[in-house]
């Protein structure tokens, strides 16, 4: 049974907002050493997963009485412009999978006349994934710069105010500020 049919059984016939939040960061190393299976796993979850979620929820987003919105939790580590800033973080599989999902968001934005499509990055917060990456880089993991409540609050504000003209197809952080691609 597909997602739309499953939700229909629950009397959910439309979706106003979808947030693609699943992601992994499991590999530390340079491009010269990354293994194919590490790349495939990161792309499968971080890039292909949000595209498949978009496809699965599209029929319900199209039925929204409001402006439908599709957000992808990404990372500034997927920014080509900021690559030098994050050079000490040797996360090739994660970096390129997040860059690819940002590109996919831009493509979906251009294909959809009505749906707001925005990749967002919550900042470095105290999660297992963020702390593990910081630890790999030798950074202090005890006090991430973004508190989880602040990230959630900022993202919720962005989810509420995002429009097709101002936000769709662009990359934003947890404060609603544009992230250079």
Item to check | Distance between modelled label sites at residue 11 and residue 161, nm, 7 Å Cα→Cβ extension | outcome: 3.5
Checklist entry - Using the alpha-carbon atoms, what tilt in degrees (0 to 90, nearest 10) does helix 49-61 show relative to the longest principal axis of the chain? => result 20
Next on the checklist: Run lengths n ≥ 4 of DSSP H only: what is the helix-derived mean residue ellipticity at 222 nm for the chain, with -39500 (n - 2.57) per run over all residues, to the nearest 500?
Outcome noted: -12000 deg cm²/dmol
Next on the checklist: Could you check the spin-label model distance between residue 67 and residue 147? Points 7 Å from the Cα along Cα→Cβ, value in nm.
Outcome noted: 3.1
Next on the checklist: Bins of 10 Å, beginning at zero and ending with the bin holding the largest distance: percent of Cα pairs per bin for the chain, please.
Outcome noted: 10, 35, 35, 16, 4, 0
Checklist entry - Which ordering of 113, 149, 16 is given by a fewest-first count of other beta-carbon atoms within 10 Å? => result 113, 149, 16
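Give, in whole angstrom and from largest to smallest, the semi-axes √(5λ) of the equivalent ellipsoid of region 65-123, with λ running over the eigenvalues of the Cα gyration tensor. Present the calculation step by step, with values, prior to reporting the outcome.
Details: eigenvalues 137, 22, 13 Å².
Over the Cα atoms of region 65-123, the ellipsoid semi-axes are 26, 11, 8 Å.
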Next on the checklist: Please state the shape class of region 32-82: rounded when a/c is under 1.5, otherwise prolate if a/b exceeds b/c and oblate if not, all from the C-alpha gyration tensor.
Outcome noted: oblate
Item to check | In degrees, nearest ten, helix 92-111 long axis to first principal axis of the chain (Cα) | outcome: 30
Checklist outcome for this item: Using the Kirkwood formula on alpha carbons, the hydrodynamic radius of region 1-100 in angstrom works out to 15.1
Next on the checklist: Between 0 and 90 degrees, rounded to the nearest ten: what's the tilt of helix 148-161 against the longest Cα principal axis of the chain?
Outcome noted: 40
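With both bridge residues required to lie in the chain, what share of the DSSP beta bridges run antiparallel, to the nearest 5%? Please list the in-between numbers first.
On the way: 1 of 13 bridges.
The answer is about 10 percent antiparallel.
The numbers here are math on the coordinates, done by the rules we state, and not lab data. Keep in mind that this is a model prediction, so the values were computed, not measured. Please note: Cβ atoms are built from the backbone with ideal geometry, for glycine as well, and neighbour counts cover all protein chains shown.
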